[in-house]
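Q: Quick one: this structure, given as structure tokens, is what I'll be asking you about.
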Amino acid sequence: MLLFVQEAMVEKLGTHTAVPARRIAASNGNSSGHRVTLAGLEIDSKLLLKFAESFKAFNFDVWPVEMKSPNTRHAGAISACVLPLNQTAVSSLRRSGWFLPRRTLLYGIGDWSEAARFCDIGINALLETTTDLSFRTAVSTTQSVIARGIGAYARVPIVTAVTIKAEGIAARGITRNVGHGGMAVTLSRNVSLPDEIHLDFSLPGTRQFSLRASPRWYSGLLVGLRFQPSKSEKILRKWVGEYSRLGKQD
């Protein structure tokens, strides 16, 4: 049974309001010791609580906080934020004092085109729907970052558009994660990729990449790609290192 440790309350912060909705503890009564302070920006408080409950399967203590204004202050660090991918919400995020690029986990609600439009903010998981399954999938994709962090050989959960070309084939995709040696990509359609393909993509905070890669595994529309050796490896390693504190509050 889900345990609600703290009842909903409203805390006045100057002329703005933040709503620490509830502390949501693990449903089995056990805690991993990992705390997630989850900001909800421009979303309904009920939806924020629904998303927060998705963390219980991984035994995280979650503190949802409804942010009413970009100027809202919060006493503690925000480790994650869920927001719709529209101009109003993204502008509020950019102006906020609590959002830390490459440190705050971002869960974006929207479709592929909206994710591509705002990929520079560093979306870590895309919620194309607001169903329980979509919520669980997003948390599953990012939970290891909260629990273990990102090491030198790990991949960063990140959402960015990818163009794939090879032997007359042109396909679109969106990344699930990226590391210095490869990436996982969800394809827009079923397509048989040859042994060598060409990738064009950009990553937040760095330049455009144009790399060759090889498919290593498939799972439906999801494909794992390994980059071929290139001069970009050093840049990718540095980029991964910059995300080593993603989702951390200390």
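Q: Pop out the ³J(HN,Hα) list for segment 160-169 in order, Karplus 6.51 cos²θ - 1.76 cosθ + 1.60 with θ = phi - 60°, rounded to Hz; leave Gly and Pro as x.
A: Karplus-based 3J(HN,Hα) across segment 160-169 equals 8, 6, 10, 9, 10, 9, 4, 6, x, 9 Hz.
Q: Oh, and also: Report the full-extension gain for the segment L222 to Q249: residue separation times 0.36 nm, less the Cα-Cα distance, to one decimal in nm.
A: Working: separation 27, 0.36 × 27 = 9.72 nm, distance 3.12 nm.
Stretched out fully, the L222 to Q249 stretch lengthens by 6.6 nm.
Q: Turning to a different aspect of this structure: Taking the Cβ of R103 as the center, what net charge do the other residues with Cβ under 10 Å away carry, scoring Lys and Arg +1 and Asp and Glu -1?
A: Working: positive: R102, R245, K248; negative: E242.
After counting each charged neighbour, the total is +2.
Q: Okay, moving on. Say the dipole of segment 156-242 comes from +1 at the beta carbon of Lys and Arg and -1 at that of Asp and Glu; which of I235, L222, V159 then lies farthest toward its positive end?
A: Farthest along the dipole direction, towards plus: I235.
Q: May I ask for the percentage of alpha-carbon pairs in segment 156-242 that lie more than 21 Å from each other? Each step should come with its number before you reach the end.
A: Working: 757 of 3741 pairs.
Tail of P(r) above 21 Å: 20 percent of Cα pairs.
Q: How much space per residue, in cubic angstrom, does the convex hull of the C-alpha atoms of segment 115-207 take up? Mind dumping the intermediate values first?
A: On the way: hull volume 11.4 nm³, N = 93.
Once divided by residue count, the hull of segment 115-207 is 122 Å³.
Q: What's the FRET efficiency of A152 with D195 using the Cβ-Cβ distance as r and R₀ = 22 Å, to the nearest 0.05? Mind dumping the intermediate values first?
A: Numbers: r = 28 Å, r/R0 = 1.26.
E between A152 and D195, to the nearest 0.05, is 0.20.
Q: Going out from 0 in 10 Å bins, what whole percent of all Cα-Cα distances in segment 52-201 drops into each bin?
A: 10, 37, 35, 14, 4, 0
Q: Which net charge results for the neighbourhood of P84, defined as the other residues with beta-carbon distances under 13 angstrom from its beta-carbon, given Lys and Arg at +1 and Asp and Glu at -1? Spell out each step's value before the answer.
A: On the way: positive: R117; negative: E42, D44, D111, E114, E128.
That sum, taken over residues with Cβ under 13 Å, equals -4.
Q: Still on this model: How much length would be gained if the chain were fully extended between E128 and K238, taking 0.36 nm per residue of separation minus their Cα-Cα distance, in nm to one decimal? The partial results should precede the final answer.
A: On the way: separation 110, 0.36 × 110 = 39.60 nm, distance 2.98 nm.
Full-extension gain reported as 36.6 nm.
Q: May I ask for the net charge around G179, where only other residues with Cβ less than 12 Å from the Cβ of G179 are counted and Lys, Arg are +1 while Asp, Glu are -1?
A: Details: positive: R155, R176, R226, R237; negative: E233.
With Lys, Arg at +1 and Asp, Glu at -1, the net is +3.
Q: Right, here's the next one. Under a plain spin-label model, where a point goes 7 Å from the Cα along Cα-to-Cβ, how far apart in nm are Q87 and S144?
A: Once both label points are built, they end up 3.9 nm from each other.
Q: Okay, next question. Considering the Cα trace of segment 166-205, what is its radius of gyration and what is Dmax, both in angstroms?
A: 10.9, 32
Q: Taking the Cα centre of segment 70-175 as the origin and placing charges on Cβ (Lys, Arg +1; Asp, Glu -1), which of A89, L126, T137 is farthest toward the positive end of the dipole?
A: Of the listed residues, the answer is A89.
Q: With a point put 7 Å past each Cα toward its Cβ, work out how far I169 is from L100 in nm, to one decimal.
A: 4.2 nm
Q: Follow-up question, since we're still on this one. Could you give the dipole magnitude of segment 103-250 about its Cα centre, charging the beta-carbon of Lys and Arg +1 and that of Asp and Glu -1, in debye to the nearest 20?
A: 480 debye
Read the figures in this text as sums done on the coordinates, not as results from a lab. Small disclaimer: the values here were computed from a predicted structure and weren't measured. Here the Cβ is made from the backbone with ideal geometry for all residues, glycine too, and neighbour counts use every protein chain on show.
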